[in-house]
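The values are calculated or read from the model by the stated rules, or taken from the named source; none is laboratory data. Because the structure is a prediction, the values reported are computed rather than measured. Using ideal geometry, Cβ is built from the backbone for each residue, glycine included, and neighbour counts are taken over all protein chains shown.
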Amino acid sequence: MSNFQSIDDLIPKKDDTSKKVGGQVAQETEVQEKFTKKMGEISFKELESRAEQLAGSLGFSYINLEKFPVSQEALRQIPETQSKELEVVCFFFSQDEVRLGAIDPSKTEVQELLHQIQERNHANGALYTISKQSFSKVFELYKKVPVIAVITKNVEISEEDLEKVQADVNDFASLQKLFDSEKATDIVTFIMGAGLKLGSSDVHVEAEEEKVVIRFRMDGILHDAGTISKEMYKKLISRIKLLSSLKINITDQPQDGRFTIKTKNGAVDIRVSTIPTVYGESLVMRLLPQSKEKLMFEDLGLRGSAYKRLKAEIERPNGMIITTGPTGSGKTTTLYSIMQYLNKPGVKIITLEDPVEYRMEGINQSQMDASKGYTFASALRSVLRQDPDIAMVGEIRDLETAEVAIQAALTGHLMLSTIHTNSASGAIPRFLSMGVKAFLMAPALNCVIGQRLVRKLCDCKVEIELTPEQKEKVAKFLENLPEGEKSPEIGEKFYGPGKCEKCSNLGYKGRLGIYEIFIMIPEIEQLIVTGNVGESDIEQIAVKNGMATMVQDGILKAMEGLTSIDEVFRVIG
């Protein structure tokens, strides 16, 4: 301002302008340009000063991005629409660091966005206050980012392409023909389309020394579906990583992500996991159709006294019901079916899951996030303040969660949960080994469900003759079968897998559960309180009081023609 006395001195008078000619007009035009430039500098400095003052008052660092070099990779961390809506940009991004600048970094949405980007990239992050000028300058750079590079989590697969894949795929041999496509985007469509048609739960992409194998898990068993070239493998991995918001350049560390496929039959959530291996990254995609039919309690496959016992226990207003079994044995599905049965207008049900696999109407489902301190134990305490009638905890992993769950069961809530043991009888020793007090465990527990999943025989099944060894094992296991468990309609025939197009020539289609259920009775309760309790002791008492074991349930279902005896012994051991 030292070059002029006042702003008015630099503004030409309208009356005088018409009288100026030649060089005089040019001179005043130059003065006007200098004034405009000077005012722009003053305005910019004032805006930056105000932004810096705001940063101090909010407790955030301040940065001027006027001349800061912002990469396209940094811009890609935030979609353009979200950047505009929240007035936030990512101005720095590296393998380990991420920096966001926001006009108002105190916004909850902005802080949540930073957390999401940190989690997605496994990086450290920080928020800075920036001026509107800085935001506008960086936001303009979005125009230079190629559209193809913007990450999306919702993938549209055209119905025409999906139907073509599903029409062409009848077995793995026909799928291999589709894998010869030259485009990675086509491979993704082929894999997803074939996986959905064949009923695959997981797709595995495994790099070997000479080739890359695509494997589908169907009804719990992995099958080699085909192979792709190493070059196509690299394109496929990059494509899947892009879709699931994973770091494309990170190949020596495990990563987890997800994306969603939109189809006419509803959304399909794809959970993606990668780990480094000797010959490249191993990729696993779990397919979770959200339109999957709800399995009703009556359709679980429970039979005889097991059905009657469990039905009576879940209708009690309080106590704890536990399902046990290894990973992939259908424990969560059983709990979903129980909740579906109990889901009535007058009942409040809250679930704590990690992750939430299927959405259920009328039920409040909550996703765990350990990175924010939102664990099963802490969440369960909050849930109890919501006054639910029924609470489901995805898994009891530690003493803290177990104690809160037991207290809830003792104070008028019906608690549903899972625990990893090999049998129903192993649940109590597992709880006690965590440190749960025996005198609290005994009155809190209603019943324990032990279960496994066996493959169902397809309609193309054929009658078979058991080997002498199989006959001996079957007779031995059925010796102690509780009275009334074998209904009159069950014959002595056994069946094995056939071959047809419906089951992709595998002989099996779908799965069903085999169960054992023991109810808390005074004899077992007394055994728990003494503290000297073993798995075999509990099983003996439960069997004595009418419990059919899992292997017995499986044999009876094999005699009904629902599964094969080989499948029962494969799963049970």
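So for the stretch 332-354 (the condition being in a helix (DSSP H, G or I), without any contact (Cβ under 8 Å) to a residue 24 or more places away in the chain and surrounded by fewer than 18 Cβ atoms within 10 Å (Cβ to Cβ)), does at least one residue qualify? Working first, answer last.
Narrowing the stretch 332-354 to residues in a helix (DSSP H, G or I): 332-342.
Remaining after also requiring without any contact (Cβ under 8 Å) to a residue 24 or more places away in the chain: none.
No - not one qualifying residue is present in the stretch 332-354.
Is one or more of the residues making up the stretch 359-367 out of contact with any helix residue (DSSP H, G or I) (no Cβ under 8 Å at 6 or more places or on another chain) and at pLDDT 90 or above?
Going through the stretch 359-367, the residues out of contact with any helix residue (DSSP H, G or I) (no Cβ under 8 Å at 6 or more places or on another chain) turn out to be 359, 361-362, 364-365, 367.
Going one step further and asking which of them are at pLDDT 90 or above, we end up with 364-365.
For the stretch 359-367, residues out of contact with any helix residue (DSSP H, G or I) (no Cβ under 8 Å at 6 or more places or on another chain) and at pLDDT 90 or above: present.
Which of the residues that make up the stretch 49-104 are touching a residue at least 24 places away in the same chain (Cβ under 8 Å), assigned to a helix (DSSP H, G or I) and among the charged types (D, E, K, R)? Arg50, Glu52, Glu80, Lys84, listed by residue number.
Does Gly498 satisfy the condition of being crowded, with 19+ Cβ neighbours inside 10 Å, assigned by TED's automatic domain parsing to the domain that holds Thr332 and either hydrophobic (A, V, I, L, M, F, W, C) or under 42 Å from the mean Cα position of the chain (by Cα) (or both)? Spell out the reasoning first.
Working: crowded, with 19+ Cβ neighbours inside 10 Å: no; assigned by TED's automatic domain parsing to the domain that holds Thr332: yes; either hydrophobic (A, V, I, L, M, F, W, C) or under 42 Å from the mean Cα position of the chain (by Cα) (or both): yes.
Judged against the criteria, Gly498 is not a match.
Taking the criterion of being in contact (Cβ under 8 Å) with a residue 12 or more places away in the chain, of a type in the set (D, E, K, R), in a loop (DSSP other than H, G, I, E, B) and surrounded by 16 or more Cβ atoms within 10 Å (Cβ to Cβ), would at least one residue in the stretch 380-388 satisfy it? Among the residues of the stretch 380-388, not one is in contact (Cβ under 8 Å) with a residue 12 or more places away in the chain, of a type in the set (D, E, K, R), in a loop (DSSP other than H, G, I, E, B) and surrounded by 16 or more Cβ atoms within 10 Å (Cβ to Cβ), which makes the answer no. In the stretch 504-516 there is at least one residue that is of a type in the set (S, T, N, Q) and within 34 Å of the chain's Cα centre (by Cα).
Yes or no, residue by residue, for (1) loosely packed, with under 14 Cβ neighbours inside 10 Å; (2) in a strand (DSSP E or B); (3) aliphatic (A, V, I, L, M):
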{"residue": "Val188", "(1), (2), (3)": "no, no, yes"}
{"residue": "Met192", "(1), (2), (3)": "no, no, yes"}
{"residue": "Lys241", "(1), (2), (3)": "no, no, no"}
{"residue": "Ile248", "(1), (2), (3)": "yes, no, yes"}
{"residue": "Arg271", "(1), (2), (3)": "no, yes, no"}
{"residue": "Leu288", "(1), (2), (3)": "no, yes, yes"}
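If you take the residues of the stretch 117-138 that are farther than 26 Å from Leu47 by Cα and surrounded by 14 or more Cβ atoms within 10 Å (Cβ to Cβ), which of them is modelled with the highest pLDDT? Outline the logic, then answer.
So in the stretch 117-138, the residues farther than 26 Å from Leu47 by Cα come out as 117-124.
Pick out the ones that are also surrounded by 14 or more Cβ atoms within 10 Å (Cβ to Cβ) and you get 117-123.
Numbers: Ile117: 85, Gln118: 82, Glu119: 72, Arg120: 72, Asn121: 72, His122: 71, Ala123: 79.
Among residues in the stretch 117-138 that are farther than 26 Å from Leu47 by Cα and surrounded by 14 or more Cβ atoms within 10 Å (Cβ to Cβ), the one modelled with the highest pLDDT is Ile117.
Restricting attention to the stretch 496-549, the residues that are assigned to a loop (DSSP other than H, G, I, E, B), out of contact with any Ser or Thr (no Cβ under 9 Å at 6 or more places or on another chain) and polar (S, T, N, Q) add up to 4.
Determine whether Pro276 is surrounded by fewer than 20 Cβ atoms within 10 Å (Cβ to Cβ), touching an Asp or Glu at 6+ places or on another chain (Cβ under 8 Å) and over 30 Å from Thr227 (Cα atoms). The answer is no for Pro276.
Among the residues of the stretch 295-306, are any in the same structural domain as Ser487 (by TED's automatic domain parsing), over 19 Å from Gly510 (Cβ atoms) and in contact with a strand residue (DSSP E or B) (Cβ under 7 Å, 6 or more places away or on another chain)? Yes: the stretch 295-306 contains one or more residues that are in the same structural domain as Ser487 (by TED's automatic domain parsing), over 19 Å from Gly510 (Cβ atoms) and in contact with a strand residue (DSSP E or B) (Cβ under 7 Å, 6 or more places away or on another chain). Annotation: of all residues in the stretch 454-476 being in a strand (DSSP E or B) and surrounded by 20 or more Cβ atoms within 10 Å (Cβ to Cβ), the one that is farthest from the chain's Cα centre (by Cα) is Leu457. Screening Leu141, Leu198 for residues that are in the same structural domain as Cys90 (by TED's automatic domain parsing), modelled with pLDDT of 80 or more and aliphatic (A, V, I, L, M) leaves exactly one candidate, Leu141. What number goes with the only condition from (1) in a loop (DSSP other than H, G, I, E, B); (2) modelled with pLDDT of 85 or more; (3) in contact with a helix residue (DSSP H, G or I) (Cβ under 6 Å, 6 or more places away or on another chain) that Gly226 does not pass? Here Gly226 meets the rest and fails (1).
When the stretch 392-408 is limited to residues that are out of contact with any Leu (no Cβ under 7 Å at 6 or more places or on another chain) and buried (at least 22 other Cβ atoms within 10 Å of the Cβ), the one that is nearest to Pro355 (Cα to Cα) turns out to be Ile396.
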